[in-house]
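The values are calculated or read from the model by the stated rules, or taken from the named source; none is laboratory data. If you're wondering where the values come from, they're calculated on a predicted model, not measured in any experiment. Glycine also receives a Cβ, built like all others from the backbone with ideal geometry; neighbour counts cover every protein chain displayed. The accessibility values were calculated without ligands, DNA or RNA, using every heavy atom of the protein model including side chains. Shrake-Rupley method; radii C 1.70, N 1.55, O 1.52, S 1.80 Å.
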Amino acid sequence: MDYVRLGRTEAMVSVAGLGCGGHSRLGMSYGAASEEASRIVAKAIDLGVNFLDTARSYGTEEAVGLGIRGHDRSKLFISTKSWAGTDLSNRNPDPLPVADFVANLETSLRTLGTDYVDLWHVHGVSPQQLDHVYNELLPEMQRQRDLGKIRFIGITEAFREDLHHETLRQALPTGEFDVAMVGFNLINAGARKTVFPLALKQDVGTLIMFAVRRALNSAENAAEAVAQLIELGEVDPALVDPADPLGFLAENPEIKSQVEAAYRFCRYEPGAHVVLTGTGKEAHLEENVASILAPPLPSETSDRLARIFGQATSISGE
Ligand SMILES: NC(=O)c1ccc[n+]([C@@H]2O[C@H](COP(=O)([O-])OP(=O)(O)OC[C@H]3O[C@@H](n4cnc5c(N)ncnc54)[C@H](OP(=O)(O)O)[C@@H]3O)[C@@H](O)[C@H]2O)c1
């Protein structure tokens, strides 16, 4: 495993982070119970992953707690989250009262079976929620940090809706956040111009989500996503084979697969620290960790991707 300094937290974390949410939720989305899901966590740790990302809303904190049992807690970096509104699925919800926000942290700590989390995020924040975050939730996060319940303060965007990173563009310059989670992938690398320069300037640690997601996990899904981008006028149809627009990736002997290329694309982005990978399958986890540890994509591939997707910022890959 390779380890990287997570911005100003000064923590050394694995470049591959285990994403315990997403469509798979460690396999719990397709039927795994916590015990089974915890084996993915334990496997990740065996592979050298020390960065584990979960959230109150994922329903995987118990699995993470089971998976870390017997491991040296001080060597792990555990990240969890609470939403900022009364309903995470509603993008303009009523502001979450501070008491409920803190109660979420207490529940996270109890469910994870730990006295502290390394990183506590305010989760999936929309631009409209930022005032509530600054005025009410952030002071409470600072208080929890002073109490030793959390070590660092993070924020995650709602990439599906916030495709142009409005939340992080406003939040990072405040200097209040140690770490930010950002949507970034080879069909939407918009954060390269907007978020990463700000993160570098503020020495903010960054976590990449959506590296593969749905759009890049199969050739069929990639074709569907690229068709959307063509329709939106962000990809020139003359530059791709609509039936298999990313087929050229694995034609290169230095690239194993489309999924491999998708993780490698993210790993070497200047300003990016941890690439999250989400799966419920041990074989995928092994493969993905190897992909994140593989060298940068060949320059002719990066150039071709830039020619095709350089203007694409209107879908997340959800
Ligand atoms: N706003 C937020 O805070 C927010 C939002 C979204 C995500 N996140 C975080 O970011 C993490 C990463 O996102 P993600 O879970 O969407 O991860 P991802 O790694 O971008 O994509 C995972 C998807 O790809 C599939 N997959 C993984 N490896 C594969 C392989 N080798 N071959 C084919 N398919 C493969 C997975 O299914 P299988 O189970 O079949 O492998 C899953 O459907 C989440 O787990 C979560 O921790 C945060």
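General observations
- Note on region 31-68 and region 127-151: Cα centroid distance 26 Å, given to the nearest whole angstrom.
- For 181, 28, the ranking by accessible surface with the largest value first comes to 28, 181, using a 1.4 Å probe.
- Highest-MSF residue in the chain out of 305, 147, 200 [GNM, Cα springs under 10 Å]: 147
- For the chain, modelled as a GNM whose springs connect Cα atoms under 10 angstrom apart, the maximal fluctuation among 239, 186, 168 occurs at 239.
- Neighbourhood net charge (9 Å Cβ-Cβ; Lys/Arg +1, Asp/Glu -1) for residue 115: +2
- The alpha carbon convex hull volume per residue for the chain rounds to 120 Å³.
- Charge sum, other residues only, whose C-beta stays under 11 Å from residue 298's C-beta, Lys/Arg counted +1 and Asp/Glu -1: -1
- Helix-derived mean residue ellipticity, 222 nm - over the chain, DSSP H n ≥ 4, -39500 (n - 2.57), to 500: -10500 deg cm²/dmol
- Counting only protein heavy atoms and using a 1.4 Å probe, the accessible area of residue 218 comes to about 30 Å².
- Highest mobility in the GNM of the chain, judged by mean-square fluctuation with C-alpha springs under 10 Å and restricted to 74, 291, 34, is found for 74.
- Peptides ranked, highest mean first, by Cβ atoms within 10 Å: ranges 16-23, 4-11: 16-23, 4-11
- Taking a sphere under 13 Å around the Cβ of residue 5 and counting the other residues whose Cβ falls inside, with K and R at +1 and D and E at -1, yields a net charge of -3.
- When only alpha carbons are used to place a centre, region 180-212 and region 251-282 end up 15 Å from one another.
- Rounded to 5, percent antiparallel among DSSP beta bridges of region 8-152: 5 percent
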